[in-house]
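The values are calculated or read from the model by the stated rules, or taken from the named source; none is laboratory data. No experiment lies behind these values; they were computed from the predicted model shown. Cβ coordinates were reconstructed from backbone atoms using ideal geometry, including for glycine residues, and neighbour counts include every protein chain displayed.
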Amino acid sequence: MKVLVTGAGGFIGSRLVDLLVSRGRIGAQAVTGLALADQRLPLVPKGAVALEGELGSPEALTRVASFGPDVIFHLAAMPGGAAEADYALGRRVNLDMTLALFETLACRERPPVVVYASTIAVYGTALPDLVSDATPLRPPLTYGAHKLVCEILLADFTRRGLLDGRSLRLPGIVARPRAPAGLASAFMSDLLHALAAGERYICPVGPEATAWWMSAWRCADNMLHGAAMNVSNADPGRAWTLPVLRLSIAQIVNTLATLYGDDRRELVTYEPKPQLEAVFGRYPVLDDGAARALGLSDDGTPEALVRRALETHRE
């Protein structure tokens with residue numbers, strides 16, 4: 001099968017490409033062709049097709065159509081904080097480009113599988129004590145609104161028999177590189193990097209703030225599984241929140257202290273920002289039974305999460 005990864009040079013995309021190259025298959029099917037799309041591709045595996053530049057341009061979409069992918073992992077996006085700051089660019093990247101890609105892929109004779117990287121930002125801030133498939137979706141930011149629109153569009157393309165869509169709602173994925181990422185949730189990664197390195201850290205949420213956590217490697221594993229899993233009897237919405245570890249900042253700090261030394265606890269100073277904590281520090285229990293029944297999974301333990309999150313390469 002031929003595989004296209006958009007956002008292939010990014011944090012999660014690069015790990016997904018590593019797994020595709022090392023395993024050479026998705027489920028039981030061998031990967032016979034690989035195309036990578038991004039604004040810039042720092043490293044392209046031997047034999048892969050590089051599609052650099054604006055994915056929504058007519059030239060790029062023509063190249064996508066010519067490649068003829070059977071499976072598409074669509075991760076290319078403008079992150080939440082950046083998209084909130086620049087509505088026009090966020091719409092062009094997160095909404096218009098995605099719709100153009102879907103329409104290009106829908107011209108295939110056999111509907112290709114599309115695994116779409118959505119987000120837990122489709123949920124609102126005033127969440128119930130238990131989030132389930134029945135929880136209303138009220139995105140608090142434009143980024144989440146655009147992602148939800150694309151979930152609906154992908155489900156509609158699937159209903160029409162044009163695509164075989166699977167939207168996976170990603171939680172807080174760690175640990176992103178220590179650089180401005182345009183993500184309001186970047187503090188989750190910054191905390192891991194700082195304490196692992198023995199550095200002081202000012203945390204913008206309190207110790208009891210809870211979030212849904214997942215390592216980038218586990219996320220990439222789930223994306224691959226999402227392309228192979230049997231969804232023939234799935235809900236028509238074709239969207240699943242990935243199984244998570246629900247952990248407080250205090251639990252993460254304690255885990256880092258266990259792995260790197262008790263002094264790590266003393267390196268953290270808490271200066272909560274109420275607006276940030278209201279969005280990223282109040283996540284309740286998640287009913288992820290439907291996702292787990294399909295074989296999607298979390299990192300297992302806080303220790304495994306931290307170790308895996310700080311890995312930059314897989315052997």
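For this structure, a couple of remarks:
- Only one of the numbered conditions (1) in contact (Cβ under 8 Å) with a residue 40 or more places away in the chain; (2) farther than 30 Å from LEU141 by Cα; (3) of a type outside the set (S, T, N, Q) is not met by ALA48, and that is (1).
- When VAL122 is tested against the conditions (1) touching a Pro at 6+ places or on another chain (Cβ under 6 Å); (2) surrounded by fewer than 20 Cβ atoms within 10 Å (Cβ to Cβ), the lone failure is (2).
- Residue within the stretch 121-142 that is more than 21 Å from GLN251 (Cβ to Cβ), acidic (Asp, Glu) and without any contact (Cβ under 8 Å) to a residue 60 or more places away in the chain present: no
- Among the residues of the stretch 205-245, those that are of a type in the set (Asp, Glu) and farther than 16 Å from SER297 by Cα comprise GLU208, ASP235.
- The residue that is farthest from ARG25 (Cα to Cα), counting only those in the stretch 191-243 that are at pLDDT 95 or above and of a type in the set (Ser, Thr, Tyr), is TYR201.
- Put simply, of ARG40, ARG108 the only residue that is among the basic types (Lys, Arg), in contact (Cβ under 8 Å) with a residue 40 or more places away in the chain and surrounded by fewer than 17 Cβ atoms within 10 Å (Cβ to Cβ) is ARG108.
- Residue in the stretch 65-72 that is of a type in the set (Phe, Trp, Tyr) and surrounded by 16 or more Cβ atoms within 10 Å (Cβ to Cβ) present: yes
- Residue check for ALA126: at pLDDT below 95, closer than 25 Å to TYR283 by Cα and among the hydrophobic types (A, V, I, L, M, F, W, C): yes
- All positions within the stretch 295-313 that are farther than 23 Å from ALA186 by Cβ and in contact with a Lys or Arg (Cβ under 9 Å, 6 or more places away or on another chain): SER297, GLY300
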